[in-house]
Amino acid sequence: MSDVTATRPTMSIGGLWAGYQRWPGWLQNLTNATLGMGILLFVWWIGGLLIASNPDTQAFANFAPGPTFQALWYLIETGSIWETIYSSLYRIMIGLFWGIVIGVPTGILVGYFLMVRQIANMPFQFLRMISPLAWMPIAVLAFETWDAAIIFLLVMATVWPIVFGTAHGVQRIDPNWFQVAKNLGADGYQMLRRVILPAIAQDVFAGIRLAIGVAWVVLVPAEYLGVTSGLGYAINDARDTLDYDTLAAIVVVIGLIGYLLDATAVALIKRYSWRVE
Amino acid sequence: MTQQEHKASSIWIANLSHTFRKQTSPAIKDIELTIPKGQLTALIGRSGCGKSTLLKMMAGLMIPSDGAVRIGGHTVTKPSAKWNMMFQKPSLYPWMSVRENAALGLVFAGTYEQKKDSVESLLDMVGLSEHKDKNVQQLSGGQQQRVALARSLATEPDILLLDEPFSALDAFTRTQLQDEVAEICHDQGITMVMVTHDIEEAIAMADKVIIMSQNPGEIVGDLDVPLGYPRERSQPQFINLKETLFAEFEKIDQAKQQAMANAG
Ligand SMILES: Nc1ncnc2c1ncn2[C@@H]1O[C@H](COP(=O)(O)OP(=O)(O)OP(=O)(O)O)[C@@H](O)[C@H]1O
Ligand SMILES: [Mg+2]
């Protein structure tokens with residue numbers, strides 16, 4: 001028994017692997033995450049070298065990591081990026097707000113009442129499959145400002161995942177929870193506040209997480225049109241002025257903020273999750 | 001029944017029948033039952049004879065198609081904090097701690113702030129002193145059922161309705177909880193109605209056992225249990241009563257099946 005465990009670590013692949021397996025989970029996670037980002041940067045860097053070495057694409061050499069991060073630093077130093085980020089985040093938040101205000105109650109109705117579910121299912125599945133961007137011409141006709149049109153697109157993007165997430169959560173509620181609460185004297189509001197909302201919170205946030213993902217992806221192309229602020233506009237503007245390093249820097253910013261938004265949603269899901277694995 | 005008797009009884013059921021939707025014959029039929037205040041009643045009968053249905057009607061969770069349940073002179077039409085039903089499964093809220101679950105009825109009534117201490121002492125009483133801050137998912141089945149018991153008692157109900165509340169527990173925990181619940185109800189003057197399949201459970205807890213038969217569910221007999229609390233299960237009187245109840249049940253059951261066979 002004791003001689004088996006007393007082997008000395010050697011510099012073989014097997015030895016390294018065994019050593020890695022003994023690391024705590026968070027360290028493995030951190031190492032792998034760093035490795036992943038390293039690979040991404042490396043591929044980007046190689047891509048930059050290839051672009052620079054080809055006479056046909058040389059003009060785009062500023063897409064490489066070096067110029068990009070310089071441009072990013074410049075954007076941060078001069079502070080011009082914050083205004084841009086603020087405009088985009090503002091639109092996302094308003095879109096998400098309406099998505100939640102419309103989506104959660106609708107989802108509760110759909111999840112709770114079989115008849116509503118049967119009525120709503122086909123139209124909702126149909127509408128859900130339409131790219132939010134396909135609504136653009138209609139949005140432009142229907143709304144006076146470009147901003148309102150973009151927010152409408154974002155609502156069309158966010159509402160479906162929230163409706164379906166909420167409905168899914170409601171359907172998974174244990175019917176006994178209603179009976180017990182009724183029995184303990186809960187009125188309608190208390191049932192909502194103490195039973196339904198906490199029971200479905202994690203599924204609602206899972207829907208919101210999906211909604212944020214779709215909204216963020218839709219936002220940039222939506223901002224190509226009409227408006228004169230936001231990340232999408234900034235990308236278009238950089239393209240028109242051939243500032244490829246700035247363009248790439250904004251792409252980095254979009255990815256970064258998207259990641260942070262997603263991480264926030266994941267934290268909320270975790271916070272409101274009550275199921276034990 | 002006179003008005004006077006009516007007041008002294010806790011639960012009064014007359015001419016109650018129920019036919020479920022889309023069914024042709026009634027699930028329970030012509031139930032007549034008077035349960036005095038503070039009596040501990042056990043309802044026994046074969047699976048499917050309508051015990052749960054009858055109990056849910058007492059709780060106001062179901063409305064009979066014929067007749068009515070009256071409690072304290074009022075027809076029961078909806079649930080109330082005055083009578084509380086405990087189910088076979090504890091159905092606790094997994095996003096709440098033990099304490100929050102136990103306090104829920106008081107939170108609904110808006111009296112939790114005043115009655116905080118009572119929740120604490122109830123949890124102590126059911127043996128959960130060390131688990132008050134835990135999530136209910138971290139408790140064993142027996143501990144969860146105790147939380148449900150504390151939750152039911154916290155609203156200080158006059159009537160406790162139990163639907164096979166211990167059937168999912170091991171024999172040791174089950175006996176212990178049977179004794180505890182019977183004593184609590186007895187000491188606090190709570191009227192208890194309990195549904196069970198278990199003859200021993202009926203004798204261990206009830207003052208009076210009501211026997212139901214099936215097709216349709218009707219009350220076909222009863223038995224008084226003149227024993228004090230706590231009850232020693234090995235004492236001859238206890239064993240005798242158990243045997244009497246079993247014999248009575250078999251006799252009635254056979255008679256009914258005979259009658260049904262004769263009828264066609
Ligand atoms: N919702 C319903 N619709 C139609 N029939 C029902 C419904 N609920 C119960 N029944 C029928 O009514 C009868 C009585 O049911 P109930 O649940 O009251 O029986 P029980 O005595 O509690 O049985 P068990 O001991 O198995 O719990 C059964 O025959 C059952 O099939
Ligand atoms: Mg039953």
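The values are calculated or read from the model by the stated rules, or taken from the named source; none is laboratory data. Predicted model only: the values in this text are computed from it and were never measured. Glycine gets a Cβ as well: all are built from the backbone with ideal geometry, and neighbour counts include every protein chain shown.
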Sole miss for B:Glu100 among (1) surrounded by fewer than 16 Cβ atoms within 10 Å (Cβ to Cβ); (2) more than 29 Å from B:Pro36 (Cα to Cα) is condition (1)
| message | Quick check on the range A:170-179. Is at least one of its residues touching a helix residue (DSSP H, G or I) at 6+ places or on another chain (Cβ under 6 Å), crowded, with 23+ Cβ neighbours inside 10 Å and at pLDDT 90 or above? | response | no
Residue count, the range B:91-105, condition more than 15 Å from A:Met191 (Cβ to Cβ) and either within 16 Å of ligand 1 (Cβ to nearest atom) or facing chain A (nearest Cβ under 9 Å) (or both), comes to 2
Cβ pairs under 9 Å, 6+ apart or interchain, first in the range B:45-57 and away from every other protein chain (no Cβ under 14 Å) and within 8 Å of B:Val195 (Cβ to Cβ), second more than 6 Å from ligand 1 (Cβ to nearest atom) and among the hydroxyl-bearing types (Ser, Thr, Tyr), ordered by first then second residue, are B:Lys51/B:Thr196
The condition from (1) assigned to a helix (DSSP H, G or I); (2) in contact with a helix residue (DSSP H, G or I) (Cβ under 7 Å, 6 or more places away or on another chain) that A:Ala148 misses is numbered (2)
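Residue by residue, here is whether (1) in contact with a helix residue (DSSP H, G or I) (Cβ under 7 Å, 6 or more places away or on another chain); (2) of a type in the set (Gly, Ala, Ser); (3) more than 15 Å from A:Ile250 (Cα to Cα) holds:
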site	(1), (2), (3)
A:Ala33	no, yes, yes
A:Gly48	yes, yes, yes
A:Pro55	no, no, yes
A:Gly95	yes, yes, yes
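Rundown of residues vs (1) in contact with a Lys or Arg (Cβ under 7 Å, 6 or more places away or on another chain); (2) surrounded by fewer than 17 Cβ atoms within 10 Å (Cβ to Cβ); (3) under 27 Å from B:Ser47 (Cβ atoms); (4) without any contact (Cβ under 8 Å) to a residue 60 or more places away in the chain, yes/no style:
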{"residue": "B:Lys134", "(1), (2), (3), (4)": "no, yes, no, yes"}
{"residue": "B:Gln138", "(1), (2), (3), (4)": "no, yes, no, yes"}
{"residue": "B:Gly142", "(1), (2), (3), (4)": "no, no, yes, yes"}
{"residue": "B:Ala148", "(1), (2), (3), (4)": "no, no, yes, no"}
{"residue": "B:Ser152", "(1), (2), (3), (4)": "no, no, yes, no"}
{"residue": "B:Thr155", "(1), (2), (3), (4)": "no, no, no, no"}
{"residue": "B:Asp158", "(1), (2), (3), (4)": "yes, no, no, no"}
{"residue": "B:Glu164", "(1), (2), (3), (4)": "no, no, yes, no"}
{"residue": "B:Ser167", "(1), (2), (3), (4)": "no, yes, yes, no"}
**Study point:** Meets criteria (farther than 30 Å from B:Leu16 by Cα and within 14 Å of chain A (Cβ to nearest Cβ)) for B:Trp83
**Key:** no
Checked the range B:30-64 for anything within 11 Å of ligand 1 (Cβ to nearest atom) and not in a loop (DSSP other than H, G, I, E, B); matches are B:Leu43, B:Ile44, B:Lys51, B:Ser52, B:Thr53, B:Leu54, B:Leu55, B:Lys56, B:Met57
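Looking at A:Pro221, A:Pro198, which is the one that is within 14 Å of chain B (Cβ to nearest Cβ) and part of a helix (DSSP H, G or I)? If you could, list the steps in order and put the result at the bottom.
On the way: A:Pro221 fails: within 14 Å of chain B (Cβ to nearest Cβ).
A:Pro198 is the lone residue from the list that is within 14 Å of chain B (Cβ to nearest Cβ) and part of a helix (DSSP H, G or I).
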Here the residues within the range B:197-217 that are more than 12 Å from ligand 1 (Cβ to nearest atom) and acidic (Asp, Glu) are B:Glu200, B:Glu201, B:Asp207
The lone condition B:Asp30 fails out of (1) modelled with pLDDT of 90 or more; (2) in contact with a Gly (Cβ under 6 Å, 6 or more places away or on another chain); (3) more than 16 Å from ligand 2 (Cβ to nearest atom) is (2)
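Which residues, taken from the range B:39-54, are buried (at least 16 other Cβ atoms within 10 Å of the Cβ) and either out of contact with any Pro (no Cβ under 8 Å at 6 or more places or on another chain) or charged (D, E, K, R) (or both)?
Filtering the range B:39-54 down to residues buried (at least 16 other Cβ atoms within 10 Å of the Cβ) leaves B:39-45, B:49-54.
The answer is B:Gln39, B:Leu40, B:Thr41, B:Ala42, B:Leu43, B:Ile44, B:Gly45, B:Cys49, B:Lys51, B:Ser52, B:Thr53, B:Leu54.
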Residue check: is B:Asn262 surrounded by fewer than 16 Cβ atoms within 10 Å (Cβ to Cβ) and at pLDDT 90 or above? no
message: Given the criteria within 13 Å of another protein chain (Cβ to nearest Cβ), touching a helix residue (DSSP H, G or I) at 6+ places or on another chain (Cβ under 6 Å), under 26 Å from A:Trp177 (Cβ atoms) and of a type in the set (S, T, N, Q), does B:Thr196 qualify?
response: no
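Of these, A:Asp262, A:Asp203, which one is free of Cβ contacts under 8 Å to residues at least 40 places away in the same chain and either crowded, with 16+ Cβ neighbours inside 10 Å or in a helix (DSSP H, G or I) (or both)? Before the answer, list the steps.
Details: A:Asp262 fails: free of Cβ contacts under 8 Å to residues at least 40 places away in the same chain.
Of A:Asp262, A:Asp203, the one residue that is free of Cβ contacts under 8 Å to residues at least 40 places away in the same chain and either crowded, with 16+ Cβ neighbours inside 10 Å or in a helix (DSSP H, G or I) (or both) is A:Asp203.
State yes or no: is A:Ala186 under 30 Å from B:Phe108 (Cα atoms), free of Cβ contacts under 8 Å to residues at least 40 places away in the same chain, hydrophobic (A, V, I, L, M, F, W, C) and not in a helix (DSSP H, G or I)? Spell out how you get there, then give the answer.
On the way: under 30 Å from B:Phe108 (Cα atoms): yes; free of Cβ contacts under 8 Å to residues at least 40 places away in the same chain: yes; hydrophobic (A, V, I, L, M, F, W, C): yes; not in a helix (DSSP H, G or I): yes.
Here the answer is yes, as A:Ala186 does meet what is asked.
Return yes or no: is B:Ser17 of a type in the set (Ser, Thr, Tyr) and either crowded, with 21+ Cβ neighbours inside 10 Å or not in a strand (DSSP E or B) (or both)? It would help to see each step written out before you state the result.
Details: of a type in the set (Ser, Thr, Tyr): yes; either crowded, with 21+ Cβ neighbours inside 10 Å or not in a strand (DSSP E or B) (or both): no.
For B:Ser17, the condition - of a type in the set (Ser, Thr, Tyr) and either crowded, with 21+ Cβ neighbours inside 10 Å or not in a strand (DSSP E or B) (or both) - is not met.
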- Query: Does any residue of the range B:218-229 turn out to be loosely packed, with under 14 Cβ neighbours inside 10 Å, farther than 26 Å from B:Ser17 by Cα, of a type outside the set (Lys, Arg) and in the same structural domain as B:Thr41 (by TED's automatic domain parsing)?
  - Reply: yes
Pairs returned, first residue in the range A:172-183 that is more than 7 Å from chain B (Cβ to nearest Cβ), second residue that is crowded, with 17+ Cβ neighbours inside 10 Å, beta-carbon separation under 6 angstrom, 6 or more apart or interchain, are A:Ile173/A:Ala199; A:Ala181/A:Val195
Okay, helices (runs of 4 or more DSSP H) sitting entirely in the range B:68-186 with 3 or more residues that are away from ligand 2 (no atom under 16 Å from the Cβ) and within 20 Å of the chain's Cα centre (by Cα), I get B:141-154
Of the conditions (1) part of a helix (DSSP H, G or I); (2) within 14 Å of another protein chain (Cβ to nearest Cβ); (3) closer than 21 Å to A:Thr106 by Cα, the single one that A:Val159 does not satisfy is (2)
Determine whether the range B:80-92 contains at least one residue that is touching an Asp or Glu at 6+ places or on another chain (Cβ under 7 Å) and of a type in the set (Lys, Arg).
-> yes
